[in-house]
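The structure appears below as structure tokens.
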Amino acid sequence: MTLTCESSSLDDYLEETTEVDYGHFSIKALASELYSQSLNEMDYVKTAFEFVRDHISHSVDIQSSRVTCRASEVLLFKEGICYAKSNLLCALLRCQGIPAGFCYQRLTLGDTPDTGYVIHALNAVYIRSIGKWIRLDARGNKSGVDAQFSLEEEKLAFPIREEYDEIDYPVIYTKPNIKTIHSLLQNTDCTTMYLHGLPSSL
């Protein structure tokens, strides 16, 4: 799939926002620590991605009722759903001057269309050394989900099943989708939000 940028300016993919609060001391400290362990920019992208994927729990996977949103909040509690985890990965990348944005898929909530649909969030990052945007899904791996850092063939959490009317949106957005953020801010119980409070379209 050919990705398209919402903005032609890479600077727009470096902006600090309420949700992507990379000026927070905890984000800056972690970004500095991870960067010091990395060989170069590309290695840092992989390291940051794997940190969020592996060390920040997906709230549903751990059956938590907590709802997190801001990157610093996700890091503090070390959990969040895909919307929240994508905020954290974006913050860690932008904190080191690496352009990053938001991408979305429309998936079935369960295994089949009769369960309804939900918007799933992931990230895109621009790697200057190869002059290319790649998508990364830090949702968190589990049985049946194996997202990996890959420069060539995408290895995302969820393959799109067109026969089920699932959609892979090609746009790389500069900010998180307002519907996804509204869900995080308007709900207080993650389980209820996941079943009844997530957007089904962009």
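The values are calculated or read from the model by the stated rules, or taken from the named source; none is laboratory data. Quantities reported herein were computed from a predicted structural model and do not represent experimental measurements. Here Cβ is always computed from backbone atoms with ideal geometry, including for glycine, and neighbour counts include all displayed protein chains. Remember, those area values only see protein heavy atoms, side chains included, never the ligands or the DNA or RNA. Shrake-Rupley method; radii C 1.70, N 1.55, O 1.52, S 1.80 Å.
So for the range 89-97 (the condition being touching a helix residue (DSSP H, G or I) at 6+ places or on another chain (Cβ under 7 Å) and on the phi > 0 side of the Ramachandran plot), does at least one residue qualify?
Within the range 89-97 (the criterion being touching a helix residue (DSSP H, G or I) at 6+ places or on another chain (Cβ under 7 Å) and on the phi > 0 side of the Ramachandran plot), the answer is no, since none of the residues qualifies.
Applying the selection to the range 138-152, what residues are free of Cβ contacts under 8 Å to residues at least 60 places away in the same chain and closer than 18 Å to Glu79 by Cα?
The one that is free of Cβ contacts under 8 Å to residues at least 60 places away in the same chain and closer than 18 Å to Glu79 by Cα: Val145.
Out of the residues in the range 1-20 that are open to solvent by 60 Å² or more (accessible area, probe 1.4 Å), assigned to a loop (DSSP other than H, G, I, E, B) and closer than 16 Å to Tyr126 by Cβ, state the one that is modelled with the lowest pLDDT.
Looking at the filtered set, the residue picked out is Thr2.
This table checks each residue for (1) open to solvent by 10 Å² or more (accessible area, probe 1.4 Å); (2) assigned to a loop (DSSP other than H, G, I, E, B).
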residue	(1), (2)
Tyr22	yes, yes
Asp43	yes, no
Thr47	yes, no
Val60	yes, yes
Ser64	yes, yes
Lys85	no, no
Ala91	no, no
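Looking at (1) open to solvent by less than 20 Å² (accessible area, probe 1.4 Å); (2) without any contact (Cβ under 8 Å) to a residue 60 or more places away in the chain; (3) part of a loop (DSSP other than H, G, I, E, B), which one does Asp111 not meet, given that it meets all the others?
So Asp111 meets the others, but not (1).
Please state which one of Arg94, Arg66, Arg135, Arg70 is among the basic types (Lys, Arg), farther than 23 Å from Thr174 by Cα and at pLDDT 95 or above.
Arg66
Name the single residue that is least open to solvent (accessible area, probe 1.4 Å) among those in the range 24-41 being among the hydroxyl-bearing types (Ser, Thr, Tyr) and without any contact (Cβ under 8 Å) to a residue 12 or more places away in the chain.
Restricting to residues being among the hydroxyl-bearing types (Ser, Thr, Tyr) and without any contact (Cβ under 8 Å) to a residue 12 or more places away in the chain, the top hit is Ser38.
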